[in-house]
Each structure stands twice: as structure tokens, then as C-alpha cells.
Amino acid sequence: MADLTPSRAARLTRTQLQAALKRVGRKRGLEGKADRLREVFRADWAHQPPLVADALGKQLLALLGQLEAAATAVDDLAQAVEETFPQHPDAEIILSFPGLNTQLVARVLAELGDDRTRFADVRGQCVRASIFCRSLLCRSLG
């Protein structure tokens, strides 16, 4: 992956492009997509002088490294939420709300907090969490 440039991409064969598309989960129309990618990679506007292309390739590699680190951190955080949230005293109740999964519930709790004295009534909590104001939950409880 050291050479991430349009020149390198232009040398990829149709078979290599199809294999890459399969690796990222594409299943239909692989031939057409591979042909379209070959056209794009070989277009004149996609190319720069060699020194510029090399510099841009290195920049892209650095950005991909940052993206990979961020994706790993997100996965680690999601795993921690899945492991930890069930220990919350209200986990069973909150997870019983239709449409809420562990990740979404954790975000709602992070926004609202779990201090039961923070709001005088359900309406106050609904106002704070405007996402629930239109829900049947607040209408029926408030």
C-alpha cells in the first residue's frame, strides 16, 4: 500500500478491481463497476506529475491510517458499551422501549444523564430530549 497513486491504480487489471470490489462487499454488477473504475483511474485529469502524485499518495496513506485508528477506536467504544451498559440499574427498563438498542440507549443516557432528580417530571425530560417530545412515550406519560 505504499504506492497509492492514480498511476498505480491505472495499472490494475479488471480482475484485480473485481476482487477488490468483492473484498469490500460488492456483489452485483462487478464487471461494469470494474470497467468504470478503470476509466476513472486512466483519465488524464486523475494524474499529476510524478513528484506531486507521490506526495499525494503519501498524504492519502497518512489519512487512511488516521481513518483506521478512528474506526478502531469506535469499535472499541462500541464493544465497551455492549459490555458495560447491561450493568446499569435501569438497563432492562430502558432497553424495553421500542426501537432502542444498547448503543442508542447509551447515547440517550449520555445526553440526559441518569440522575432521577434532574427533571421534575417526564415533560421536563422530554423538553430536554427533544427527540422524544413527539413520541408516544412522552404523550402517554406526561
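Tabulated values for the structure
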| quantity | calculated |
| --- | --- |
| Every residue from the range 82-97 that is surrounded by fewer than 15 Cβ atoms within 10 Å (Cβ to Cβ) and either in a helix (DSSP H, G or I) or under 23 Å from the mean Cα position of the chain (by Cα) (or both) | Glu82, Glu83, Thr84, Pro86, Gln87, Glu92, Ile93 |
| Filter result for Leu60 (in contact with a Ser or Thr (Cβ under 8 Å, 6 or more places away or on another chain) and either open to solvent by less than 60 Å² (accessible area, probe 1.4 Å) or at pLDDT below 90 (or both)) | no |
| Subset of the range 120-131 [open to solvent by 40 Å² or more (accessible area, probe 1.4 Å) and modelled with pLDDT under 75] | Val122, Arg123, Gln125, Val127, Arg128, Ser130, Ile131 |
| Single residue of Asp54, Asp75 found to be surrounded by 14 or more Cβ atoms within 10 Å (Cβ to Cβ), charged (D, E, K, R) and over 25 Å from Asp115 (Cβ atoms) | Asp54 |
| Set Ala69, Ala10: member being modelled with pLDDT of 95 or more and among the aliphatic types (A, V, I, L, M) | Ala69 |
| Qualifying residue in the range 23-40 (condition: over 30 Å from Val108 (Cα atoms), surrounded by 10 or more Cβ atoms within 10 Å (Cβ to Cβ) and in contact with a His (Cβ under 8 Å, 6 or more places away or on another chain)) | no |
| Positions within the range 98-108 being under 16 Å from Leu77 (Cβ atoms) and not in a helix (DSSP H, G or I), in sequence order | Asn101 |
| Qualifying residues in the range 9-34 (those that are part of a helix (DSSP H, G or I) and in contact (Cβ under 8 Å) with a residue 24 or more places away in the chain) - the one nearest to the chain's Cα centre (by Cα) | Ala9 |
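The values are calculated or read from the model by the stated rules, or taken from the named source; none is laboratory data. Note that the structure is predicted; figures quoted are calculated from it, not measured. All Cβ positions, glycine included, derive from the backbone under ideal geometry; neighbour counts span all protein chains shown. For accessibility, only protein heavy atoms count, side chains too; no ligands or nucleic acids. Shrake-Rupley method; radii C 1.70, N 1.55, O 1.52, S 1.80 Å.
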